[in-house]
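Beneath this line is the structure, given in structure tokens, with notes to follow.
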């Protein structure tokens, strides 16, 4: 069992997010597409001794299985592991309902490509359904478009503008939170989905994060964490970020490790032998991020 739970006993994701905010640390959110990613995240959480969130987008959970990934997470939670499950970037009420009914710990409704009014209306509908089902389910929403794909990019994603005048405004965020009742908010603060080629993304606007946090007084979530600096992460956490998403860096680690293993072991045909270095490579990235997010 994890040292963390020996001290505190099992807690909900809601409790952990609140605790992270108070302690000025952040919970790492890592997307998976298969069992390799799952064990990499779980093993890293166990080694560092901190809670983690496993994220699955609509495409990822369609591939792994909505109920199947829930069962995987339940299997380690039953052993006392502080591992939680989030339905990342969900674009319709129907798909939010699907994961709420499946017992996910949290869900993100992404209405960033809709009008502000439509985003508010649909987010509010999702919140009402989730809370009627289970008051401990966390509902997150987004305002401010930062792109959609977790991939290596040649430049800033199409449709994304990171100038200060285009970032989420504190007054806009406050209105959104009041009208929807969301538990957490993911704003546009200079972050982008995906990662620029070369691995270094633009700096985050820490002042805007602080201004939004002071206005809404709920936990903020930083999406698009691949490619951001350790200094920016720590400053963002101090400014009010309680969860940080990482996906693209894990995908790059997966691809590079798999290509190297296939190249170095041309005669190997056992999948578990070929994929062991893949798990280790992803786990290394997750461990590095968890150390930063928890200021260890």
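If you take the beta carbon distance between residue 263 and residue 78 as r and set R0 to 35 Å, what does 1/(1 + (r/R0)^6) give as a FRET efficiency, to the nearest 0.05?
0.35
Taking the chain as a Gaussian network, where each spring joins two C-alpha atoms under 10 Å apart, which residue of 143, 108, 48 fluctuates the most?
Comparing 143, 108, 48 in the GNM, the peak value goes to 48.
Would you order 16, 223, 245 from fewest to most other beta-carbon atoms within 10 Å of each residue's own beta-carbon?
Working: 16 22, 223 28, 245 25.
The most exposed by this proxy come first: 16, 245, 223.
Using Cα springs under 10 Å in a Gaussian network model of the chain, which residue among 271, 187, 51 shows the largest mean-square fluctuation?
271
In a GNM of the chain with a 10 Å cut-off on Cα contacts, which of 76, 99, 107 has the highest mean-square fluctuation?
Among 76, 99, 107, the largest mean-square fluctuation in the Gaussian network model of the chain belongs to 76.
Given the chain, what percent of its DSSP beta bridges are antiparallel, to the nearest 5?
Percent antiparallel among DSSP bridges in the chain is about 0.
Given (i) 21.0, 73; (ii) 18.3, 60; (iii) 18.0, 56 as candidate values of Rg and Dmax of the Cα atoms in Å, which corresponds to the one derived from the coordinates?
So the structure-derived entry is (ii).
For 244, 137, 35, which order do you get if you count the other beta carbons within 10 Å of each Cβ and list the fewest first?
35, 137, 244
Taking neighbour counts of Cβ atoms within 10 Å as a proxy for exposure, in what order, fewest first, do 39, 15 appear?
Listed from fewest to most nearby Cβ atoms, that is 15, 39.
Using the alpha-carbon centroid of each, what span in Å lies between segment 36-71 and segment 102-146?
21
Which whole-angstrom value gives the distance between the alpha carbon centres of segment 277-293 and segment 168-184?
33
When only Cα pairs under 8 Å and 6 or more residues apart are kept, what is the percent relative contact order across segment 3-293?
The value is 20 percent.
Considering segment 208-262, what Rg and Dmax in Å follow from its alpha-carbon atoms?
Looking at segment 208-262, its Cα Rg and Dmax stand at 15.0, 51 Å.
Per the helix-only calculation at 222 nm, which mean residue ellipticity applies to the chain, given -39500 (n - 2.57) for every DSSP H run of n ≥ 4 and division by its residues, nearest 500 deg cm²/dmol?
Working: 12 runs with 149 residues, N = 296.
About -16000 deg cm²/dmol.
Since every read-out is calculated from the coordinates, none of them should be taken as a lab result. Since we're looking at a predicted model, the values are computed, not measured. All Cβ positions, even for glycine, are placed from backbone atoms using ideal geometry, and neighbour counts span all protein chains on display.
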